[in-house]
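Notes follow once the structure below has been shown.
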Amino acid sequence: MVAALKGLGERPLIMGVLNITTDSFSDGGKFIDPEKALDHAYYLAESGADILDIGGESSRPGAESIPTEEEIKRVIPVIKKAAKKIKIPISVDTVKSEVAERAFDAGASILNDISALRTDEKMAALVAGNNAYVILMHMRGTPTDMQENTEYDNIIGEICEFLNNSALKAIEKGIGEDKIIIDPGIGFGKSAEGNFIILKNLDKFVELGYPVMVGGSRKSFIGKALAVDTDQRLEGSIAAACYAVMNGADIIRAHDVIETRRAITIIEKISAADRA
């Protein structure tokens with residue numbers, strides 16, 4: 001059902017973010033209208049996104065879960081229409097198996113699960129049955145309470161252990177090893193300093209042997225470091241993305257696709273140039 005994710009492991013891929021929510025930290029409410037959401041989906045694809053990540057439930061700090069029916073209402077029509085027109089893979093950002101099942105039926109081929117398959121016991125079998133890709137992310141608690149405990153004895157060691165164990169559990173439940181992507185979860189149960197430590201030590205996650213996704217776009221650790229609001233975090237987001245790519249990230253999850261693509265292209269050109 002699902003073809004290989006083109007370019008994965010060969011070059012940095014960009015996952016364009018489409019939040020069909022009322023309360024996401026960066027663009028909540030902006031694309032809640034289905035037509036606006038579709039227009040933005042097409043825009044992200046035309047801008048150079050390699051993957052489109054569509055989510056209907058906010059995962060910002062303090063966010064509350066929404067009913068499954070509402071999440072389905074928000075994302076499935078958009079996925080169904082987008083899948084018929086755009087040529088890039090579609091990821092569904094959800095922790096609910098019912099939403100994921102409907103999304104796969106509508107044309108999605110990747111599950112972005114911020115709970116690493118822990119929230120819904122049916123999710124692993126669903127992913128395996130669809131031969132879909134899955135992104136396993138590290139998060140303490142839930143979005144509602146994740147920022148209440150951001151202290152670690154060994155942040156890199158703890159996240160690596162969690163991600164490795166999550167991947168092994170996924171494989172035990174029938175998900176192909178080649179379909180697993182890991183995400184250290186920047187901003188999910190981490191302090192601002194903890195997020196910088198993750199980026200600094202990204203090679204430790206790469207060593208686990210799975211493709212690594214990094215999602216630092218517009219997040220609060222950038223805002224705190226630069227003392228800027230969400231709409232002024234472009235430069236910081238690009239800097240974090242470039243550093244991540246230089247240290248082995250396979251996928252960058254970004255709101256600003258054109259700008260991120262241009263920056264990463266230059267990083268690739270420098271990396272490919274001959275040393276004098």
Selection from the stretch 105-148 of residues in a helix (DSSP H, G or I), touching a residue at least 40 places away in the same chain (Cβ under 8 Å) and either surrounded by 21 or more Cβ atoms within 10 Å (Cβ to Cβ) or of a type in the set (F, W, Y) (or both) yields A124, V127, M146
Among the residues of the stretch 45-63, are any at pLDDT 95 or above, touching a Lys or Arg at 6+ places or on another chain (Cβ under 9 Å), part of a helix (DSSP H, G or I) and under 25 Å from K85 (Cβ atoms)?
yes
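Say whether the condition of being aliphatic (A, V, I, L, M), more than 19 Å from the chain's Cα centre (by Cα) and farther than 30 Å from K6 by Cβ is met by at least one residue in the stretch 163-185. Spell out the reasoning first.
Within the stretch 163-185, the first condition is being aliphatic (A, V, I, L, M), and the residues that meet it are 163, 167-168, 170-171, 175, 180-182.
Of the ones still in play, those that are also more than 19 Å from the chain's Cα centre (by Cα) are 168, 171.
In the following step, the residues that additionally are farther than 30 Å from K6 by Cβ were identified as none.
Taking every residue of the stretch 163-185 in turn, none turns out to be aliphatic (A, V, I, L, M), more than 19 Å from the chain's Cα centre (by Cα) and farther than 30 Å from K6 by Cβ.
Looking only at the stretch 212-227, count how many residues are in a helix (DSSP H, G or I) and without any contact (Cβ under 8 Å) to a residue 24 or more places away in the chain. Explain how you work it out, then say what you get.
The initial filter retains those residues of the stretch 212-227 that are in a helix (DSSP H, G or I), namely 220-226.
Still in the running and without any contact (Cβ under 8 Å) to a residue 24 or more places away in the chain: 222-223, 226.
Of the residues in the stretch 212-227, 3 are in a helix (DSSP H, G or I) and without any contact (Cβ under 8 Å) to a residue 24 or more places away in the chain.
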May I ask you to list the residues in the stretch 32-57 that are farther than 13 Å from P77 by Cα, touching a strand residue (DSSP E or B) at 6+ places or on another chain (Cβ under 9 Å) and touching a residue at least 12 places away in the same chain (Cβ under 8 Å)?
H40, L44, A45, S47, G48, A49, D50, I51, L52, D53, E57
Any residue that is within 16 Å of I54 (Cβ to Cβ), under 17 Å from the mean Cα position of the chain (by Cα) and of a type outside the set (G, A, S) - is there at least one of those in the stretch 116-130?
no
Within the stretch 23-41, restricting to residues that are at pLDDT 85 or above and surrounded by fewer than 21 Cβ atoms within 10 Å (Cβ to Cβ), the one that is nearest to S91 (Cα to Cα) is L38
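Restricting to the stretch 239-276, count the residues that are part of a helix (DSSP H, G or I), among the charged types (D, E, K, R) and in contact with a Leu (Cβ under 8 Å, 6 or more places away or on another chain). Let's see the steps before the verdict.
Going residue by residue through the stretch 239-276, those that are part of a helix (DSSP H, G or I) are 239-246, 257-272.
From what's left, among the charged types (D, E, K, R): 259, 261-262, 268-269.
If we keep only those that are in contact with a Leu (Cβ under 8 Å, 6 or more places away or on another chain) as well, we get 259.
Of the residues in the stretch 239-276, 1 are part of a helix (DSSP H, G or I), among the charged types (D, E, K, R) and in contact with a Leu (Cβ under 8 Å, 6 or more places away or on another chain).
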For the stretch 149-171, give me each residue that is in a loop (DSSP other than H, G, I, E, B) and either surrounded by 15 or more Cβ atoms within 10 Å (Cβ to Cβ) or among the hydrophobic types (A, V, I, L, M, F, W, C) (or both).
T150, Y152
Which of the numbered conditions does G209 fail, given that it passes all the others? Conditions: (1) in a loop (DSSP other than H, G, I, E, B); (2) touching a helix residue (DSSP H, G or I) at 6+ places or on another chain (Cβ under 7 Å).
(2)
Any chance you could count how many residues in the stretch 250-275 are farther than 21 Å from I114 by Cβ and of a type in the set (A, V, I, L, M)?
8
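State which residue is surrounded by the fewest Cβ atoms within 10 Å (Cβ to Cβ) when the search covers only the stretch 228-266 and only residues that are β-branched (V, I, T) and without any contact (Cβ under 8 Å) to a residue 40 or more places away in the chain.
Keep residues of the stretch 228-266 that are β-branched (V, I, T), which gives 228, 230, 238, 245, 251-252, 257-258, 260, 264-266.
Narrowing further to those that are without any contact (Cβ under 8 Å) to a residue 40 or more places away in the chain: 228, 238, 265-266.
Working: V228: 14, I238: 21, T265: 13, I266: 10.
The residue in question is I266.
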Of the conditions (1) surrounded by fewer than 22 Cβ atoms within 10 Å (Cβ to Cβ); (2) touching a His at 6+ places or on another chain (Cβ under 9 Å); (3) among the polar types (S, T, N, Q), S217 satisfies every one except a single condition; which number is it?
(1)
Please go through (1) free of Cβ contacts under 8 Å to residues at least 60 places away in the same chain; (2) outside any helix (DSSP H, G or I); (3) within 29 Å of N165 (Cα to Cα) for I88 and return the number of the only condition it doesn't satisfy.
(3)
Given the conditions (1) modelled with pLDDT under 95; (2) over 16 Å from the mean Cα position of the chain (by Cα); (3) of a type outside the set (A, V, I, L, M), every one holds for G189 apart from (2)
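The values are calculated or read from the model by the stated rules, or taken from the named source; none is laboratory data. Just so it is clear, the structure is predicted and the values come from calculations on it, not from any experiment. In this analysis, Cβ positions are derived from the backbone assuming ideal geometry, glycine residues included, and neighbour counts consider all displayed protein chains.
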